[in-house]
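What follows is a short report on a single structure.
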Amino acid sequence: MKTLIVITGPTGVGKTDIAINIAKRLSAEIISADSRQLYREIPIGTAAPTVEEQAKVCHHFVGTLNLDQYYSAAQFETDVLKLLPSLFEKSDYAILCGGSMLYIDAICRGIDEIPTISDEIRNSVIEKYKNEGIESICAELQRLDPDYYAIVDHSNHKRIIHAIEICQQAGVPYTTLRTGKHKQRPFRIIKLGINLPRPQLFERINNRVEKMLENGMIEEAKQVYHLRHLNALNTVGYKELFAYFDGTMDYTTAKERIKKNTRVYAKKQLTWYAKDNEIAWLTPQEASAWTPL
RNA sequence: GGUUCCUUGGCCGAGUGGUUAGGUACCGGUCUGCAAAACCGUUUACUCCAGUUCGAAUCUGGAAGGAACCU
């Protein structure tokens, strides 16, 4: 029985090391499930596995995209499912390691089939939102898909816009495409969640931010500053440094903001994972020593 | 020592005699195609004591702490 071992948990808890330990022991390769480590220009601020770490175990989906390339959880699902058979030829195990909740779920449960949105439709909906405001797109969605409108957060323009796009692209209400069904996978999945008591986790996060800054994150951010409008750079760490470069935030504030926003992100991850009762929670020590039954 | 002024929740900050500003932090939550995104919610108060008043954070007196200036 082929097995996918999922290693997840809040940012900064030490997933990378643990995944490498387990992978070496099982002669497995690692699939990164991190929506930002995908981008090759920003390894420092995303704490991507280093060259040395990647030399120990083969990693996939790290530094494979340019910042201007579109990517999504659904694309990740497709790409990973295409890659997995070759990994399972070499080993009984593969490791999926990362903290992007939606990416993990896309692999473990699948994402509903939805047509790819054309640029014209996407831009037109965004324009409508910019010009006419949230009420206007809410009314539009209510007309196109009253069922989804009834359950969606009316303050969240991203969700509203996305739903309208889908309705327009598909020609049917978004609701009809939302099955909510979990797909079956042709391999076993074991989910390990790594966590620490919050004070310890937060201390690790704070220390890691200091280290990133010492290790050249500012230079890294400067080199991508001209691309700051891209979604891939709407990311904790870069947002704050860009504000510092712009002169709208002083350096100390930016640094503390990065720490705070990283802590907030970690909490958000924990909130998401709390609903997933398939996760076996372990401390970093327990996880490093973990072996499958 | 004297004169004047100040004292609001972790922090910033508005305020009228009785209908509990707001921001930020913290904490909690939502989530099926940009998710390290986007969005939502709760809690914490009027320095202390006495008085006036039906009722005071808001008025009066005193205490404590702080600020500026003067000798």
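List of remarks:
- Top-ranked residue in region A:197-231 [being touching a residue at least 60 places away in the same chain (Cβ under 8 Å) and in contact with a Gly (Cβ under 8 Å, 6 or more places away or on another chain); ranked as surrounded by the fewest Cβ atoms within 10 Å (Cβ to Cβ)]: A:Arg208
- All conditions in (1) among the β-branched types (Val, Ile, Thr); (2) more than 10 Å from RNA strand B (Cβ to nearest atom); (3) touching a helix residue (DSSP H, G or I) at 6+ places or on another chain (Cβ under 6 Å) hold for A:Ile160, with the sole exception of (2).
- Candidate set from region A:122-143 (those that are within 11 Å of RNA strand B (Cβ to nearest atom) and hydrophobic (A, V, I, L, M, F, W, C)); member that is surrounded by the most Cβ atoms within 10 Å (Cβ to Cβ): A:Val125
To keep it simple, each residue is scored yes or no on (1) within 20 Å of A:Met101 (Cα to Cα); (2) aliphatic (A, V, I, L, M); (3) free of Cβ contacts under 8 Å to residues at least 24 places away in the same chain.
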site	(1), (2), (3)
A:Ile7	yes, yes, no
A:Pro10	yes, no, no
A:Asp17	yes, no, no
A:Lys24	no, no, no
A:Ala28	no, yes, no
A:Gln37	yes, no, no
A:Ile44	no, yes, no
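- Cβ separations smaller than 9 Å between residues 6+ apart or across chains give no pair from region A:109-123 residues that are closer than 12 Å to A:Gln168 by Cα and acidic (Asp, Glu) to residues that are near RNA strand B (Cβ under 6 Å from one of its atoms) and modelled with pLDDT of 95 or more.
- Checklist (1) crowded, with 19+ Cβ neighbours inside 10 Å; (2) within 22 Å of the chain's Cα centre (by Cα) applied to A:Asn234, failing item: (1)
- Being within 14 Å of RNA strand B (Cβ to nearest atom), among the small types (Gly, Ala, Ser) and at pLDDT below 95 is a property that A:Ala254 has.
- Cβ-Cβ contacts under 7 Å between residues 6 or more apart (or on different chains), taken from a first residue in region A:134-150 that is closer than 13 Å to A:Tyr174 by Cβ to a second residue that is at pLDDT 95 or above and outside any helix (DSSP H, G or I), are listed as A:Leu144/A:Pro173; A:Asp145/A:Pro173; A:Asp147/A:Pro173; A:Tyr148/A:Pro173.
The values are calculated or read from the model by the stated rules, or taken from the named source; none is laboratory data. For clarity, every value in this text was computed on a predicted model and none was experimentally measured. Quick reminder, even Gly has a Cβ in these numbers, built from the backbone with ideal geometry, and neighbours come from all protein chains shown.
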